[in-house]
Amino acid sequence: MSARPVAGSLLALALAVPLLAGCSSEDDAASESGDEASTAPTGDAGEEPEEDAGEASDEAERTPEAAPAEGDAEVTATLAENLRSPWGLAALPDGTVLVASRDDGTLSLVDTSDGEPGTVSEVGSVPGVRANGEGGLLGLALDPEFESNNRLYAYATTASDNRIIPLELRLDAPEGERLDAGEPLLDGIPRGEVIHNGGGLAFGPDGMLYATTGDAADAPLAQDPDSLAGKILRIDPATGGPPEDNPAPDSLVWSLGHRNVQGLAWDAEDRLWAAEFGNDTWDELNLIEPGGNYGWPEHEGDGGADDGFVDPVEVWPPSEASPSGLAYSGGALWLATLRGERLWRVPLDGAEPVAEPEAFLEGEYGRLRGVLAVGGDELLLLTNETDGRGSPDADDDLLLRLRVR
Ligand SMILES: [Ca+2]
């Protein structure tokens with residue numbers, strides 16, 4: 001089930017056409033009965049989880065680090081308003097926040113010091129960005145040495161590919177000279193004409209750069225180990241090449257068989273998790289194993305283990321999720337969802353959920369895009385009503401600060 005021969009291109013075409021016709025990937029317009037989500041837990045403070053593992057025996061089996069079964073999420077500030085198609089999110093050491101505009105290809109700086117909205121300043125644009133549907137200026141990742149090298153990385157869609165572009169940010173430089181783009185660290189990531197461009201970018205605790213790529217609406221590419229599409233890539237930021245300890249020699253592929261992953265997060269024990277858009281049946285939360293094959297397009301959701309695929313840890317119908325951003329805070333994973341318009345909390349005990357996922361903010365802010373843990377019990381959260389699929393209010397989109405547990 002690993003290598004698919006090149007001769008599969010006809011099959012690829014045959015598979016891709018119904019995919020293009022049947023779904024819009026970040027949210028599936030084919031089944032608009034989104035209100036069926038009323039059976040989902042609402043996250044009200046006094047409400048019991050659907051399956052409370054409250055029996056004494058289960059409690060006793062939990063490690064001390066286990067997250068509580070029930071959590072909370074409270075919006076404590078609106079830090080920015082009127083953001084346009086915000087996507088990537090990065091917190092600078094001084095507490096200010098960088099936000100990427102997918103469609104404008106620009107980076108803006110949000111001054112969060114007074115906890116009030118209004119102070120957003122554009123710092124520059126990333127050259128060559130060609131926004132197209134789900135493509136454009138996508139994920140941002142701050143170099144771990146940012147304080148000394150002023151470097152960050154952006155995942156961007158151009159006219160020909162998706163690529164990772166190093167940027168140097170000089171906030172003390174004159175206006176118009178504050179952002180410099182270098183030669184691409186990596187280019188040639190297949191570009192979806194409209195959908196499935198991936199776009200997640202994050203540094204791991206190992207100092208390596210991880211990127212999520214979509215299947216570019218050519219689903220069999222996700223199973224082709226020689227294609228960069230439909231993968232999680234692990235990249236040496238010093239060279240743009242594969243680290244020596246990647247699963248396959250001379251390959252950037254860290255895991256394969258992904259349809260369209262955008263959210264990445266590491267837990268307290270440095271396990272990598274990924275949030276993945278399903279087609280029309282199951283969105284997935286996956287625990288990523290090096291070299292693991294996550295099944296797409298042979299399997300969506302559970303049921304692939306017998307065929308050698310890694311099954312997801314949690315699944316949701318796309319109407320209740322369509323997850324983009326992912327963060328880890330307070331022992332739980334937090335998924336920001338577009339079509340589901342809610343923030344899902346998955347409390348963990350080690351690598352196992354301790355309770356059913358719990359939903360917060362449902363219907364309060366509309367589509368949610370990026371989420372970033374910024375230390376302590378705080379998350380930053382981007383709404384995404386201006387991405388062409390929402391119904392923006394006058395002040396959308398917003399950058400919110402949350403306190404969670
Ligand atoms: Ca899968």
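What follows is calculated from the coordinates using simple rules that are stated; it is not laboratory data. These figures come from a predicted structure and were not determined experimentally. We place every Cβ from the backbone using ideal geometry, glycine too, and count neighbours over all the protein chains shown.
Results, tabulated for the structure shown:
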quantity	calculated
Amide H partners (placed H, <5 Å) of Ile288, local residues excluded	Leu272, Trp273, Ala274
Sequence-distant residues sharing a close amide H with Ala248 (under 5 Å, placed H)	none
Label-to-label distance, nm, for residues given as Thr119 and Asp226 (7 Å Cα→Cβ offset)	5.4 nm
Computed over region 307-359, the ratio Rg/Rh where both radii use C-alpha atoms and Rh is Kirkwood	0.99
Residues Phe203, Phe146, sorted so that the one with the fewest Cβ neighbours within 10 Å comes first	Phe146, Phe203
Fewest-first ranking of His258, His196, His299, using other Cβ atoms within 10 Å as the exposure measure	His299, His258, His196
Virtual spin-label span in nm between Glu81 and Asp377, 7 Å along Cα→Cβ	2.8 nm
Likely footprinting exposure, Trp87, Trp282, fewest C-beta neighbours within 10 Å first	Trp282, Trp87
Derived scalar couplings ³J(HN,Hα) [region 333-343; Karplus, 6.51 cos²θ - 1.76 cosθ + 1.60; whole Hz; x for Gly, Pro]	8, 10, 10, 8, 10, 7, 4, x, 6, 8, 10
Sequence ranges 158-168, 94-104, 236-246, ranked by mean other-Cβ count within 10 angstrom, highest first	94-104, 158-168, 236-246
Pairwise FRET efficiency - Asp306 versus Asp180, Cβ, R0 = 41 Å, nearest 0.05	0.20
Cα Rg, Dmax, region 54-404, angstrom units	18.9, 63
